[in-house]
1. How much FRET efficiency would the formula 1/(1 + (r/R0)^6) give for residue 167 and residue 259, where r is the Cβ-Cβ distance and R0 is 22 Å, rounded to 0.05?
2. What does the highest-first list of 232-243, 65-76 look like by mean Cβ count within 10 Å?
3. Note the full-extension length gain between residue 242 and residue 288 as 0.36 nm times their separation in residues minus their Cα-Cα distance, in nm to one decimal.
4. What's the extension gain from residue 314 to residue 44 if we count 0.36 nm per residue and subtract their Cα-Cα distance?
5. What nm value, rounded to one decimal, do you get for the distance between residue 354 and residue 192 when each label is placed 7 Å out toward the C-beta?
6. For the ranges 330-337, 195-202, what's the packing order if you count other beta-carbon atoms within 10 Å of each residue, average per peptide, and put the highest first?
7. Taking 35 Å as R0, compute the FRET efficiency from the Cβ-Cβ separation of residue 19 and residue 87 and round it to 0.05.
8. Relative contact order of the range 1-101: what whole-number percent is it, with Cα pairs under 8 angstrom and at least 6 residues apart?
C-alpha cells in the first residue's frame, strides 16, 4: 500500500472514530493490519502510527485490542528491518574490505603490512600500542593501504581496547601526570591564550582518564583536537568555541564510550575528524541504541497533526455528569449546513456529537 492510499485510510479511520462508528473503525483497522507493509518513512508521512497508537486507549475493547496488535506487529517489523539493514551493511563493508585487500596485495606498489599500519609512529614507545602495531590484522593493513585511517574505521570492526584500563579506579589527569603546567595550545604567533590552554588540559583529562598510553601521545592528541576545533570555529574563542570544547570534553570522558577514546589515541580517528564530529556521532553504542528505540516509539506516541481540540465546561457528559470535555468542529454535510460538533469527556472518555 502506497503513502497516498494509507493517508486516505487514516483520514477515514479518524473520521469514523470521531463519529463513533465502531464497525467502520474495526473494518479499517483489519484492512491496515493485512495490507500495510510498514516502514518508518511510510508511517511518518501518513501519520498512521500516531492515529492507531491513540486507539490503543479506546474504551471499545475490540478497537483497543486490534490497535495494540497492529502497533506491536508494525514495531517488530520495523525493528527487524533495521537489524537486516545493519547486517547487510556489515556484509557489504566486509566484501569491500576483502576486495580492496586483494587489490592491494596484487599490486606491485602495495606496502607491506607493517608499513601499512595505521598506528602513528609517536605511539611506538607505548607497550600496548607497540603490540598492536607489530601484529596488525590483515583486514586493517590492507584497507589502510588503499584508503587510510578513515577506511579502517568504516570497514573493519572496532579495535580491541588496547589503550584502555577498565579496572582503573582513580582517573588519570594532566595534573596527576605532571603535565598540566606545561600543556599549551598550538599557537602560530607564539602567544599563549589561557582559554585555549585550559581547553587543551580538559581534552587531555578526557582522553587520559582510563588510558594506558604515554603522556607524549595524549598531549599530541589533545593539542591536535583543540587546534582543529579552534580552526572549525573560525579561530575564535567565543561562545561557539567554548560550546564545542564543552561538548567534546563531555563526550570524550563518557565512561560508557571507551572505544572512541581508544580509536582516537591509536590514531584511527584523526584529530580533525574528532573536532568536527557531532554529539550523535560521538555517542556510545548504548546511547545510539536508546536513541533509535525512542525514535521508533515516537512513531506511535507523537501527537498527530489533526483537528484542533479545545477544552471547555460548556458540555455535560451524560454518562458521568462531569463538565470536563474537549471538542472540535468539522463540516460533515453540505456547506450551507451547520458544522458538526464532536465532544469527548476527559473523565470517562465518553464521546457524542451534535449539529
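Taken together, the values in this text are just the output of simple stated rules run on the coordinates, not laboratory data. This one's a predicted model, so the numbers in the text were calculated from it and none came from an experiment. Note that each Cβ is placed from the backbone with ideal geometry, even for glycine, and that neighbours are counted across all protein chains shown.
1. 0.85
2. Highest mean packing first, the order is 65-76, 232-243.
3. Roughly 14.1 nm would be gained on extension.
4. Values: separation 270, 0.36 × 270 = 97.20 nm, distance 3.52 nm.
So the chain would gain 93.7 nm between residue 314 and residue 44.
5. Modelled inter-label distance: 8.1 nm.
6. Values: 330-337: 9.8, 195-202: 19.4.
Ranked from most to least packed, the peptides come out as 195-202, 330-337.
7. Details: r = 45 Å, r/R0 = 1.29.
The formula returns an efficiency of 0.20 here.
8. Normalised by residue count, the contact order of the range 1-101 is 26 percent.
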